[in-house]
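Undergrad: Sharing a structure here in structure tokens format.
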């Protein structure tokens, strides 16, 4: 007697496609203690003073640029002063003073780019070739010390050295049978003295920046070049300079941005009634018109023009650097 027949089930492959996907455990939400900012809180804390400086002294004062388009009156304030549009800009561009300020600023800025900008690079290359570390650090410290002096002290030192009334340099010239030279009042000497003081004070800081960039150069490159018979000059030209070229480009772009921003304090201290015609620049003119003469709206228009020109120069220099294969500032 045969038992009950069991129906045959045809095997299918549907289970291969309908099988449930493996379930993943839900990720636990990270707390604020595991966040990126908290893990790097020390770095963010060190950045707070710099951020606060730029916010307070750079960005907040931009609100005062509204005065450039107003007939600003201190008693009425920014919101109550009369709006005059571009009247102050028209006045500035049509006055003869504009061409004097523009020419003086451009000439001094070009002199600084030609003479002051390359000096730190040259000093850094020379110090990099010194093998006696004690001598290298001593020279580096000596040329870096003027960076900590204010412009008042620097100009005062040069006044003591170069004044016609008992100055050390003029006393030396007279002892050699020559006539004293009016270094501080002769218009022909204003720009050379200004550039020389700028180099003396700022060259040490730039040298440290370039020396720091040179420390990243791979020493194996120098060893390989020595095996190929390259001397120190060829190593400097083909290894050191290409290695610090990005740093040079970035600092050059920043210098271009400050092309019309020569600084008020230095030029104001060396100016006098005899050399003002060749030394008056935008920064000193803004101070005289805005603070001394009380024309705040007109001074704000001059300052806004100077800032816009600097912004345009930075953008153009940065684009040019990128086209030449460099990284640029941004």
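The values are calculated or read from the model by the stated rules, or taken from the named source; none is laboratory data. All of these numbers come straight from a predicted model, not from anything done at the bench. Positions of Cβ are generated from backbone atoms using ideal geometry, with glycine treated the same way; all protein chains shown enter the neighbour counts.
Undergrad: Within segment 208-222, which residues are loosely packed, with under 10 Cβ neighbours inside 10 Å and either in a helix (DSSP H, G or I) or touching a residue at least 40 places away in the same chain (Cβ under 8 Å) (or both)?
TA: Within segment 208-222, 219, 220 qualify.
Undergrad: Out of curiosity, is residue 281 more than 15 Å from residue 107 (Cβ to Cβ) and either in contact (Cβ under 8 Å) with a residue 60 or more places away in the chain or more than 20 Å from the chain's Cα centre (by Cα) (or both)?
TA: Judged against the criteria, residue 281 is not a match.
Undergrad: Being surrounded by fewer than 13 Cβ atoms within 10 Å (Cβ to Cβ), within 27 Å of residue 298 (Cβ to Cβ) and touching a strand residue (DSSP E or B) at 6+ places or on another chain (Cβ under 7 Å) narrows it down to one of 82, 96, so name that one.
TA: 82
Undergrad: Exactly one of these conditions fails for residue 138: (1) under 25 Å from residue 247 (Cα atoms); (2) assigned to a loop (DSSP other than H, G, I, E, B). Give me its number.
TA: Only one criterion is unmet by residue 138, namely (2).
Undergrad: Does segment 277-302 hold any residues that are assigned to a loop (DSSP other than H, G, I, E, B) and surrounded by fewer than 20 Cβ atoms within 10 Å (Cβ to Cβ), and which are they?
TA: 280, 293, 294, 295
Undergrad: Which of the residues spanning segment 226-235 are at pLDDT 85 or above and surrounded by 16 or more Cβ atoms within 10 Å (Cβ to Cβ)?
TA: The answer is 235, and nothing else.
Undergrad: Shifting gears a bit: Quick one: would you say residue 145 is farther than 21 Å from residue 284 by Cα and touching a residue at least 24 places away in the same chain (Cβ under 8 Å)?
TA: yes
Undergrad: If you take the residues in segment 27-46 that are surrounded by 10 or more Cβ atoms within 10 Å (Cβ to Cβ) and either at pLDDT 90 or above or part of a helix (DSSP H, G or I) (or both), which one is farthest from the chain's Cα centre (by Cα)?
TA: Filtering first and then ranking leaves 34.
Undergrad: Next up: Can you pull out every residue in segment 151-186 that is in a loop (DSSP other than H, G, I, E, B) and surrounded by 12 or more Cβ atoms within 10 Å (Cβ to Cβ)?
TA: 163, 164, 167, 180, 181, 182, 183, 184, 185, 186 - these are the residues of segment 151-186 that are in a loop (DSSP other than H, G, I, E, B) and surrounded by 12 or more Cβ atoms within 10 Å (Cβ to Cβ).
Undergrad: Please state which of the following conditions residue 250 fails to meet, knowing it meets all the rest: (1) surrounded by 15 or more Cβ atoms within 10 Å (Cβ to Cβ); (2) in contact with a helix residue (DSSP H, G or I) (Cβ under 7 Å, 6 or more places away or on another chain); (3) outside any loop (DSSP other than H, G, I, E, B).
TA: Result: residue 250 fails condition (2) only.
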